[in-house]
1. Excluding D22 itself, what net charge comes from residues whose Cβ is under 15 Å from its Cβ, given Lys and Arg +1 and Asp and Glu -1?
2. Mind putting a number on the dipole of the chain about its Cα centre? Charges go on the C-beta only, +1 for Lys and Arg and -1 for Asp and Glu, and I need it in Debye to the nearest 20.
3. Averaging the inverse of every distinct alpha carbon separation and then flipping it gives the Kirkwood radius. What is it for the stretch 2-74, in angstrom units?
4. Are there any chymotrypsin sites (Phe, Trp or Tyr not before Pro) in the chain that are in a DSSP loop and have at most 12 other Cβ atoms within 10 Å? List them by number.
5. Could you work out [θ]222 nm for the chain from helices alone, using -39500 (n - 2.57) per DSSP H run of at least four and dividing by all its residues? Round to the nearest 500 deg cm²/dmol.
6. Once label points are set 7 Å from the Cα along Cα→Cβ at both D76 and R64, what is their separation, rounded to one decimal in nm?
7. Just in the chain: which trypsin sites (Lys or Arg not before Pro) are loop by DSSP and have at most 15 other Cβ atoms within 10 Å?
8. Taking a spot 7 Å from the Cα of D41 along the direction of its beta carbon, which residues of the stretch 1-16 have an amide N less than 15 Å from it?
Amino acid sequence: METLFHFIISSLKSGRSSVLLDVILELLQPVISLQETSNKDLSNLAKAAFELLKWRVFGEPHLRKIVPIILSLANDPN
């Protein structure tokens, strides 16, 4: 999982994340859900990835994918 977070962080920092945006959005659920976990390293990586994702501008096709994921996580008790 750490490798996935490093992948997200490095692709967002490189400025070339638009090519990989479909892949990154598929990994949005673990990024959000693992921000609060007992594994501090994993939690810090998830928080760093989410901070970078917050500043990314998403087009309408990508928003159609993101909104249902966020809504499902809002109803998740974890």
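None of the figures in this text is laboratory data; all of them are computed from the coordinates on show. What you see is a predicted model; the values in this text were computed from it and never measured. Virtual Cβ from ideal backbone geometry, glycine too; neighbours counted across all protein chains shown.
1. Around D22, the charge tally is +2.
2. 240 debye
3. When all Cα pairs of the stretch 2-74 are included, the Kirkwood radius is 12.4 Å.
4. W55
5. -21500 deg cm²/dmol
6. Here the modelled spin labels are 2.4 nm apart.
7. R16, R56
8. Inside the label zone: 1-7.
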